[in-house]
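Engineer: I have a structure here, written as structure tokens, and I will follow up with some questions on it.
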Amino acid sequence: MSSTQQNTANGAPAAGEAQTVSAQEIGWMFACEYYSFMNSDPKKLQYFYGKKSTCVHGTEGNIVTQANGQQEIYATIAAEEFQGSQIEVTTVDILPSINGSII
């Protein structure tokens, strides 16, 4: 937010003014949503992925396989027991990419 931007009483940007959200904030919001679904309704995690997506899940040190596309990802997630799991996210790696996208 620039120092000349006018804010409303609650601190939000005034109508018509764009608010910039950092890649780091978007990444953290995504991680919170993703892991909330993992806990409450893991089968819906497939909707975070598209036809060309890949997903790798496993335990560090073990051999893991890659799931490609929504159907394989769904099968991988359905085979796991994520519902009711407790997850603590301590780090999220977010990289700004071209045209305002993030990795």
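Engineer: Any chance the range 3-10 includes a residue that's more than 21 Å from residue 102 (Cβ to Cβ) and either surrounded by 14 or more Cβ atoms within 10 Å (Cβ to Cβ) or modelled with pLDDT of 70 or more (or both)? Let's see the steps before the verdict.
Structural biologist: Step one: filter the range 3-10 for residues more than 21 Å from residue 102 (Cβ to Cβ), giving 3-10.
From the residues that got through so far, the ones that are either surrounded by 14 or more Cβ atoms within 10 Å (Cβ to Cβ) or modelled with pLDDT of 70 or more (or both) too are none.
Checked the range 3-10: no residue is more than 21 Å from residue 102 (Cβ to Cβ) and either surrounded by 14 or more Cβ atoms within 10 Å (Cβ to Cβ) or modelled with pLDDT of 70 or more (or both).
Engineer: Give the range 11-52 a look and list any residue that's more than 22 Å from residue 97 (Cβ to Cβ), of a type in the set (Asp, Glu) and at pLDDT 80 or above, or say none.
Structural biologist: 41
Engineer: Being of a type in the set (Lys, Arg), open to solvent by 100 Å² or more (accessible area, probe 1.4 Å) and within 17 Å of residue 87 (Cβ to Cβ) is the filter here, so list the residues in the range 14-52 that pass it. Break it down stepwise before answering.
Structural biologist: Within the range 14-52, the first condition is being of a type in the set (Lys, Arg), and the residues that meet it are 43-44, 51-52.
Then drop every residue that is not open to solvent by 100 Å² or more (accessible area, probe 1.4 Å), which leaves 43, 51-52.
Across the range 14-52, the qualifying residue is only 43.
Engineer: Moving on. Could you say whether any residue in the range 53-68 is modelled with pLDDT of 85 or more, part of a strand (DSSP E or B) and open to solvent by 100 Å² or more (accessible area, probe 1.4 Å)?
Structural biologist: Within the range 53-68 (the criterion being modelled with pLDDT of 85 or more, part of a strand (DSSP E or B) and open to solvent by 100 Å² or more (accessible area, probe 1.4 Å)), the answer is yes, since at least one residue qualifies.
Engineer: Taking the condition of being of a type in the set (Ser, Thr, Tyr) and farther than 24 Å from residue 23 by Cβ, how many residues in the range 45-103 meet it?
Structural biologist: Adding up the residues that qualify gives 5.
Engineer: Taking the range 69-103 as the search range and keeping residues that are touching a strand residue (DSSP E or B) at 6+ places or on another chain (Cβ under 9 Å), in a helix (DSSP H, G or I) and free of Cβ contacts under 8 Å to residues at least 24 places away in the same chain, which one is least open to solvent (accessible area, probe 1.4 Å)?
Structural biologist: 69
The values are calculated or read from the model by the stated rules, or taken from the named source; none is laboratory data. Model, not experiment: these values are computed from the prediction. Backbone-built Cβ (ideal geometry, glycine too); neighbour counts: all protein chains shown. These area figures cover heavy atoms from the full protein model, side chains too; ligands, DNA and RNA do not enter into them. Shrake-Rupley method; radii C 1.70, N 1.55, O 1.52, S 1.80 Å.
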